[in-house]
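What follows is a single structure, and I will ask about it in a moment.
The values are calculated or read from the model by the stated rules, or taken from the named source; none is laboratory data. It should be emphasised that the depicted structure is a prediction, and the values quoted were computed from it without experimental measurement. Ideal geometry is used to build each Cβ from the backbone, glycine not excepted, and the neighbour counts take in all protein chains shown.
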Amino acid sequence: MMISAHRLSALLFAGLLAACGQPAEQAAPAEQVRAEPVEAMVSAAHPLAVEAGLEALRRGGDAVDAAIAVQTVLGLVEPQSSGIAGGAFLVRYDAQSGALTVYDGRETAPAGASPDMWLDENGEPLGFLDAWQSGQSTGVPGVIAMLAMAHEDHGRLGWAEGFEAGIDIAEEGFPVSPRLSALAERVRPISQLSRREPARSYFYDPDGNAWPEGHVLTNPAYAETLRAVAADWRNFYTGEIAEQIVSLSREEPLGGTLTLEDMANYTPVRREAICVPYRLWQVCSAPPPSSGGIAVGAIMTLLEGYDMAAEGPGVEGWHLFIEASRLAYADRDQYVGDADFVDVPVAGLLDRDYLAARRELIAADRAIPAISHGTPPGAPEFAADTTPDNPGTTHFTIRDTFGNVVSMTTTVEAGFGNNRMTEGGFLLNNQLTDFAFVPVDEAGRPHPNAVRAGKRPRSSMSPTIVLDADGDFVLATGSPGGNSIIAYTAKTLVAMLDWDMSAQDAAALPNVVARGDVVSIETGFDAETLEGLRALGHQIRGEQGENSGIHIIRVLDDGSLDGGADPRREGVALQP
């Protein structure tokens, strides 16, 4: 799929204005029958990635085939948010069977990782800046192996076809977007990105300034990496690519323990989605180590006790959303980690009687004075949370012409990962900073998100799919944004399911993030509502930006599709 540089520029700026066995070279056709094709769509954070996904759908690909194309292009044109050396959660809806499958490609801690790895010589937690750009922040990347597993299950195109757009764009070049230029400039004073080669020459001009909007970047090294992965996904986990990742992660400052054995041993996981009933629908998302399914599910269950449609997006409606968020976040922070290593009380956290009791804490005329976690059924005693928050990541949604749907959130963690770029043209992740920095409290109680070898750090990623009472697809949503992802995603659900907003209006609606005793409200929020919330006792940190990147696909009553792309980023929602 050759795309000229002129065509790339036109696609980009038109879009900006508009808003695990080895796969065979040609995948065996899925045993799936359709009488007539349905409407398809891709909604993602960059027009070139959307176009790559649409081309996969035009060729007759599954939503998973399109996801591979979208991911590999996003890692090139939006490297500050995701990449092939990162991780992801993918939720897939199968239109024929109605089945939901979660593919867990979260990074894992190396075998040499230890619970105290984020403590200094005095036993104090490291500052985030030092931890973020360290070698030991890099976890074993999972997204490539996860996509290979999903492709083996569902792919209709050859594995290599998913890499063609990324290869072409890397070689022919793409115009630097406003967001990429601005973020590279923003991190320049504090970042190794501007001081360590090859990133320094790739992201900055000879004078040390970030390349301006419209400057055409090429990345032939990334193209060669993609060619190797396209030939066999295992080439990412063994040989030269793996050696580059391991070597770079072990460099100072704070070199890590990642080994070639860690790389070769990475295994993605198929998991069952967490689904909670909400009025007429089922709201489904990822289970631990993601906290998204639990926290979004808890928010929606708490809100189900109110007539949110009648309350509307005014003082009363937002007050209830804030209180439900505060209660859900408190439990999430206290109890969620990698359930393969710790006892996460998933059923208890979503128990409807337990949440009904939590709902009784909410009063109509005042904010809850101080939020604390509850004690759900089956809850162990854990230490208080010491995990830092890192707003990063990207999200995209896809529906193919067979009616299958992918909702996928993917990340390298903080902006530009750990800021170390391999000779293969991609950045490393800093995912291990998503673990709790202090593993135990003074009483010796561990935190469920403490570091352990082989463990996956807790995530806030919330790729969500909503089904109706018959099990048919209704909508897919999700967002980047650190632990705010949970609030961003829940906002879109309430906006569409209760307030009857369009997908685009739901994405654009000002964000409200309530965690602990402080409520962050985005610039553009209704001033009268803001003052009404303050009058109820909410501690509002208002009129600031929020780093969401919501991308939505929704089926309307007539079967047509309604897409939304977050105006805070540079994406679009388009059909083939």
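Here is a check on your reading of the model: is P220 under 17 Å from F426 (Cα atoms) and either crowded, with 17+ Cβ neighbours inside 10 Å or modelled with pLDDT of 95 or more (or both)?
Here the answer is yes, as P220 does meet what is asked.
Somewhere in the range 433-449, is a residue under 27 Å from V405 (Cβ atoms), of a type outside the set (S, T, Y), modelled with pLDDT under 95 and buried (at least 24 other Cβ atoms within 10 Å of the Cβ)?
Within the range 433-449, one or more residues are under 27 Å from V405 (Cβ atoms), of a type outside the set (S, T, Y), modelled with pLDDT under 95 and buried (at least 24 other Cβ atoms within 10 Å of the Cβ).
Restricting to the range 93-126, count the residues that are within 25 Å of H395 (Cα to Cα), out of contact with any helix residue (DSSP H, G or I) (no Cβ under 7 Å at 6 or more places or on another chain), part of a loop (DSSP other than H, G, I, E, B) and hydrophobic (A, V, I, L, M, F, W, C).
Summing the residues that are within 25 Å of H395 (Cα to Cα), out of contact with any helix residue (DSSP H, G or I) (no Cβ under 7 Å at 6 or more places or on another chain), part of a loop (DSSP other than H, G, I, E, B) and hydrophobic (A, V, I, L, M, F, W, C) in the range 93-126 gives 2.
Would you tally the residues in the range 485-522 being surrounded by fewer than 24 Cβ atoms within 10 Å (Cβ to Cβ) and closer than 25 Å to G417 by Cβ?
2
Continuing with the same structure: Evaluate the following for E171: is it of a type in the set (D, E, K, R) and within 25 Å of the chain's Cα centre (by Cα)?
No; evaluated as a whole, the condition is false for this residue.
Looking at L355, is it more than 17 Å from D517 (Cα to Cα) and not polar (S, T, N, Q)?
Spelling it out, L355 is indeed more than 17 Å from D517 (Cα to Cα) and not polar (S, T, N, Q).
Pull out all pairs, ordered by first then second residue, where Cβ-Cβ is under 8 Å, the residues are six or more apart or on different chains, the first lies in the range 33-50 and is of a type in the set (A, V, I, L, M), and the second is part of a helix (DSSP H, G or I) and modelled with pLDDT under 95.
Going by the 8 Å Cβ cut-off, the qualifying pairs are L48/L8; L48/L11; L48/L12; L48/G15; V50/G15.
Would it be correct to say that F396 is part of a loop (DSSP other than H, G, I, E, B), buried (at least 20 other Cβ atoms within 10 Å of the Cβ) and aromatic (F, W, Y)?
no
Could I ask something else about it? Name the single residue, out of those in the range 247-294 being among the charged types (D, E, K, R) and not in a helix (DSSP H, G or I), that is surrounded by the most Cβ atoms within 10 Å (Cβ to Cβ).
Across the range 247-294, the extreme among qualifying residues is R271.
Condition test on E171, is it among the charged types (D, E, K, R), surrounded by fewer than 22 Cβ atoms within 10 Å (Cβ to Cβ) and under 28 Å from P439 (Cα atoms)?
No.
Criterion first (among the aliphatic types (A, V, I, L, M), under 21 Å from V494 (Cβ atoms), out of contact with any strand residue (DSSP E or B) (no Cβ under 8 Å at 6 or more places or on another chain) and at pLDDT 95 or above) does L556 satisfy it?
no
If you scan the range 281-310, which residues turn out to be hydroxyl-bearing (S, T, Y) and over 12 Å from R271 (Cβ atoms)?
S291, T301, Y306
Can you tell me which residue among P23, P79, P37, P29 is closer than 27 Å to T238 by Cβ, of a type outside the set (D, E, K, R) and at pLDDT below 95?
Criteria check complete, one pass: P23.
Then there is this: Go through L90, L129, L147 for me and flag whichever is part of a helix (DSSP H, G or I), crowded, with 23+ Cβ neighbours inside 10 Å and within 22 Å of the chain's Cα centre (by Cα).
After applying the criteria, what remains is L147.
When you scan the range 424-440, do you find a residue that is assigned to a loop (DSSP other than H, G, I, E, B) and of a type in the set (D, E, K, R), even just one?
No, the range 424-440 has no match at all.
Let me ask another. Filter the range 132-144 for residues that are part of a helix (DSSP H, G or I) and under 21 Å from the mean Cα position of the chain (by Cα); which is farthest from P457 (Cα to Cα)?
The qualifying residue farthest from P457 (Cα to Cα) is I144.
If I filter the range 182-193 for residues that are surrounded by fewer than 17 Cβ atoms within 10 Å (Cβ to Cβ), of a type outside the set (V, I, T) and outside any helix (DSSP H, G or I), do I get at least one hit?
No: the range 182-193 contains no residue that is surrounded by fewer than 17 Cβ atoms within 10 Å (Cβ to Cβ), of a type outside the set (V, I, T) and outside any helix (DSSP H, G or I).
Looking only at the range 375-390, filter to residues that are of a type outside the set (S, T, N, Q) and surrounded by 18 or more Cβ atoms within 10 Å (Cβ to Cβ); which one of those is modelled with the highest pLDDT?
Among them, the one singled out is P376.
Further question: Would you mention how many residues in the range 54-68 are crowded, with 24+ Cβ neighbours inside 10 Å and touching a Leu at 6+ places or on another chain (Cβ under 9 Å)?
Residues in the range 54-68 being crowded, with 24+ Cβ neighbours inside 10 Å and touching a Leu at 6+ places or on another chain (Cβ under 9 Å): 9 in total.
Output the residue which, of all residues in the range 295-329 that are charged (D, E, K, R) and not in a helix (DSSP H, G or I), is surrounded by the most Cβ atoms within 10 Å (Cβ to Cβ).
Ranking the qualifying residues of the range 295-329, first place goes to E304.
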